Amino acid sequence: MDGPPILSMKGISKEYFGNQVLKNVDLTVKPGEIHALVGENGAGKSTLMNILFGMPVIHTTGGFKGEVEIAGEKVSIANPHQAMEHGIGMVHQEFMLIPDFTITENIKVGREIGRPTLFSRIFGPAMDILDRQAMRRDARKALSRIGLNIEEYVKVAGLPIGFKQFVEIAREIDKTGIKLLVFDEPTAVLAETEADRLLEIMKMITDQGIAIIFITHRLDEVKAVADSLTILRDGELVERARTEDVSVTEIAGKMIGRKVERLVELSDTCRVCDMETTALELENFSVDMPGEQVKGMDVSIYKGEIFGFGGLAGQGKIGVINGLMGLYPAQGDAFVFGEKLQLDKLGDALFKGVAFVSEDRRGVGLLLNESIERNVIFSTMQIHNRFLRKLGPFKLLNRKQAKKHTLDMIELLDIRCTGPQQKTGSLSGGNQQKVCLARALSMEPEILVVAEPTRGIDIGAKKLVLEHLVKINEELGMTIIMISSELVELRSVCDRIAIVAEGKIEQILPPDASDVAFGLAMSGMSDSVALEGGQA
Amino acid sequence: MSRMRLFMQRVGWPRVIIGLFFVLLVVASPLLGLKLTDVVSDVLRRWALFGILVLAMVPGVQSGIGLNFGVSLGIVAGLIGATTSIELAYRMGGPARPWTELGIAFLVAIPVALIFGWAYGHLLNRVKGSEMTVSTYVGFSAVAFSKIYWAVLPVKSGTLIFPYGGEGMRNTISLEGTYGGLLSDPDVTANQPGILKWMAFRIGGVSIPIGTILLFLFVCFLVWLFLRSKSGIALSAAGENELFTRSNAIKVDSKRLQGTILSTVLGAVGIIIYGQVYGFLQLYAAPLYMGFACVAAVLIGGATTRRATIVNVIIGTLLFQGILTTSLPVIQRLVPQGSRLSEVVRPIVSNGIILYALSKTKGGNQIEK
């Protein structure tokens, strides 16, 4: 597998609106090798691939710096079609197949083989008759190249997910002159046996001289099939190595390693915790939330602690809370201070003292066309019947109380606004987050759940929001459950962090656990720490 | 200058333009030989007459079902109440008791509207996303079904019965002698005892239907109170952000149901008041396009398909009905070609305003900043 690299990207830098997402990254792939690209969410993997494919999103945001060479030749790829001409193909995570077409038609769509007719001589090749025989032969050939024994005239609609993925691969293989295939998280949607099969197919493809870029977060798969790998972290290249030279623990550690600034002294851990009392307990808890499935989770959270849920996107950490609040159908048992929640009753948790700040601030968390005041008091008024006065059959809003309370909250959380009547839609992200927080705090909950509290707000405001959470926890002894994609954030305030993988809790770790431990847990292979000695 | 611009922004261009047009028409009418007092009387009468029907749009929009084109359903319920009350009075015999008859009309119409609204609300909850299209069809089919009902009902009262067949109800039913003009016509109220005499009066030739105006404003006040109550605030939230509402343990569907029922009931009440002022009940095809007039009025008043307020209703009804009532006589004076022309111009004016109002709404993208 020596020789000139099939793909070499050098010194790639990219910024989106002043936000540096890639810093001087190199990526080299040799012919016929499987090259793994690993990193956390937001490490820059997708951006790098978007650059490779010349996606419009790159060019409309000011292009990128650096060079791309294909087979030793410098190229500039302006759009995905040019990428295809250079022999680069992509196997998508979501299948781009037409369900009512047969496998042959799906493989050859857009590249049909035609036979000239009288009409097409006059009106051009669009009027050619399809040469179904030739198309079928090509499809058959492509399918057998990946060892798939399936009739090419079957419609795609009824196929199992794994087969759909294989058809997608066959389509890419069938393109003439294909040199490099990108697999974007291909095993994420597959069952275990299908995933194994896919890995075999990947090897078969590379045996035919086609190189593969394998994007994944499953480190065991990287170990199993990849020849070499590139690790990205926060848009920077951390390491390029041959797979046999690094252990899984090393990969995991390098994927995560980042400086953590602790906002709460570790010695103070569980300073207000009451380890005797369980605030929230989940037993065999499952949530059917599309893209965030929770599959039988068990966890106990103690009174007064700051408990974190971390893990990669799509693994189910967001699903937990949405199921708990009754926004998505949930099964299993959930107890709040020993009281069982009726999961089929909308918002039962709210009545039992749980308040919730949604991860989707603009979609779920706020009434954007209403005033700050209306937003802040809404939940308290609806759930606890406060800020109301009776007038005949009507329970009317008590404007005076509502205004006073809102002013208190604006002062407490330092919400920057023109007054309680300002519409929340015109506030900045950080201040919107504070309004959401104010709404939750107004309910005087015993358990406060915050999902992605710092998403989309600037760095200064991030720290303020986190400090507020710690203050609330310390002063009021409120139990706080925090869900975040940013591990650094969780490690800076939480007492314990549960890493969610595949809808279950992979491991509960202390915030000062090693980077390796976190990295492995996120990849769903915490067991291998013991196997490999677990040092980093 | 900037204050001027701020004012324009608050009021909105469509209202400024239509308002100026309206003022122009009113100013032009005496110059063309129309009596200004008559014009003003007409505008006031039409405003009071249509107000509650337009108000029926508010709970619908606020609860998220959009502009309720199906308000015809409520109108049919109101007409059922109104005609039932006349038939009952006839069967009971005795002297005319207009106030009792008006009361019975409401007593019958409101429960019918509750039932209609309940069924209609359930339907709308199943067609989320295309409520406005479905509600238009519901309005049309409600009118179509009601035609069968009017034609076959075994009424006995002479005012209701179809003169030639002797079966079913007639097209236009006069309310003279029952509750027609009870709260709006100075000639009718003059014969009423005590304070009821003051339900309508003339000042310098302008007749003021104060009873109807007060009733309209009172119903507006009730709806305003409701929208500021716990339940009403939840209803408004359901219309603005479904997920937000659900995350606060409020069932969005039942709030939408509530809004639809309220809208239907207001439609029923509205048509009875309409008949009371107008002096006639119009059955069969008459309610077919009333939904459009209500929608147009509230849109001109500044509502969108997602937000509507009481102020939108009051201003919108005045502008829409005002233009409609003043434009026709003015045009007739300008082009004196007999009454034919007005038949042509009337739909052009009313549909033109509807079109203009619809083109000025921003539809569903109000949620964005």
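The values are calculated or read from the model by the stated rules, or taken from the named source; none is laboratory data. Since the model is a prediction, treat every value here as computed from it, not as a measurement. Methodologically, a virtual Cβ is constructed for each residue, glycine included, from the backbone with ideal geometry; neighbour enumeration extends over all protein chains shown. These accessible areas exclude ligands, DNA and RNA; they are computed on the full protein's heavy atoms, side chains included. Shrake-Rupley method; radii C 1.70, N 1.55, O 1.52, S 1.80 Å.
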* **If the convex hull is drawn through the Cα atoms of chain B, its volume per residue in Å³** => 162 Å³
* Under the Karplus relation 6.51 cos²θ - 1.76 cosθ + 1.60, θ = phi - 60°, what is the ordered set of whole-Hz ³J(HN,Hα) values for region B:223-234, x standing for Gly and Pro? -> 5, 4, 4, 4, 5, 9, 8, 3, 5, x, 5, 5
* Starting from the amide H of A:Val449, placed 1.01 Å from N in the peptide plane, find each other amide H under 5 Å away whose residue is 5 or more places distant or on another chain. => A:Ala355, A:Phe356, A:Val357, A:Ile481
* If you find the alpha carbon centre of region B:187-230 and of region A:277-328, how far apart are they in angstrom? -> 58 Å
* **Residues in region A:157-186 that a label on A:Lys141 would reach, taking backbone N under 12 Å of a point 7 Å out along Cα→Cβ** => A:174-177
* Two-decimal Rg to Rh for region A:375-509 - Kirkwood Rh, Cα set -> 1.03
* Stokes-Einstein D in µm²/s, Kirkwood radius over Cα pairs - region A:33-91 at 4 °C with 1.567 mPa s viscosity -> 104 µm²/s
* Candidate aspartates and glutamates for bridging to B:Lys128, where Cα separation is under 19 Å - those fewer than 8 sequence places away on the same chain excluded -> B:Glu240, B:Glu242, B:Asp253
* Quick one: which residues, 5+ away or cross-chain, put their amide H under 5 Å from the amide H of A:Val91? H built at 1.01 Å from N. => A:Val182, A:Phe183, A:Asp184
* Asked: Which value, in Å² and to the nearest 10, is the accessible area of B:Trp47 when all protein chains are kept and the probe is 1.4 Å?
  -> 30 Å²
* Structure fact -> Those residues in region B:230-247 that give up at least 30 Å² of accessible surface, probe 1.4 Å, once the partner protein chains are present instead of the chain by itself are B:Lys230, B:Ile233, B:Glu240, B:Asn241, B:Leu243, B:Phe244, B:Arg246, B:Ser247
* Structure fact -> With label points set 7 Å from each Cα along the Cα-to-Cβ direction at A:Thr193 and A:Glu444, the distance between them in nm comes to 5.8 nm
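Can you give the FRET efficiency to the nearest 0.05 for B:Val11 and B:Lys230, using r as the Cβ-Cβ distance and R₀ = 30 Å?
Working: r = 31 Å, r/R0 = 1.05.
Efficiency, from the Cβ-Cβ distance: 0.45.
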* **Column: log10 I(q)/I(0), Debye, Cα scatterers of chain A, q = 0.08 Å⁻¹** => -0.63
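With a probe of 1.4 Å, find how much accessible area the protein assembly as shown has per residue, and write the answer as a whole number in Å². Mind showing how you got there, number by number?
On the way: 39710 Å² over 905 residues.
For the protein assembly as shown, the solvent-accessible area averages 44 Å² per residue.
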* **Set of lysines with alpha-carbon distance to A:Lys108 below 20 Å, sequence-local pairs under 8 removed** => A:Lys141, A:Lys155, A:Lys164, A:Lys175, A:Lys179
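Taking all protein chains in place and a 1.4 Å probe, what share, in percent, of the accessible surface of the protein assembly as shown do carbon and sulfur account for? It would help to have the intermediate numbers written out before the result.
Values: 22810 of 39710 Å².
So the carbon and sulfur contribution to the accessible surface is 57 percent.
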* Structure fact -> In short, region A:340-358 residues buried by 30 Å² or more of accessible area relative to the isolated chain (1.4 Å probe) are A:Leu346, A:Leu350
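Determine how many Å³ per residue the convex hull of the Cα atoms of the protein assembly as shown encloses.
Output value, Cα hull per residue: 250 Å³.
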* Asked: Per the helix-only calculation at 222 nm, which mean residue ellipticity applies to the protein assembly as shown, given -39500 (n - 2.57) for every DSSP H run of n ≥ 4 and division by its residues, nearest 500 deg cm²/dmol?
  -> -15000 deg cm²/dmol
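Before we go on, tell me the buried accessible area for the B/A pair, both chains summed, 1.4 Å probe, in Å² to the nearest 100. Walk me through the numbers on the way to the answer.
Numbers: alone 18050 and 24310 Å², together 39710 Å².
Using a 1.4 Å probe on protein heavy atoms, the buried area is about 2600 Å².
Keeping all protein chains in place and using 1.4 angstrom, which order do A:Ser426, A:Ser371 fall into by accessible surface area, from largest down? Mind dumping the intermediate values first?
Values: A:Ser426 60, A:Ser371 15 Å².
Ranking A:Ser426, A:Ser371 by accessible area, largest first, yields A:Ser426, A:Ser371.
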* To do: Return, ordered by residue number, the residues of region B:195-223 whose backbone nitrogen is under 14 Å from a label point located 7 Å along Cα→Cβ of B:Leu36.
  => B:204-206
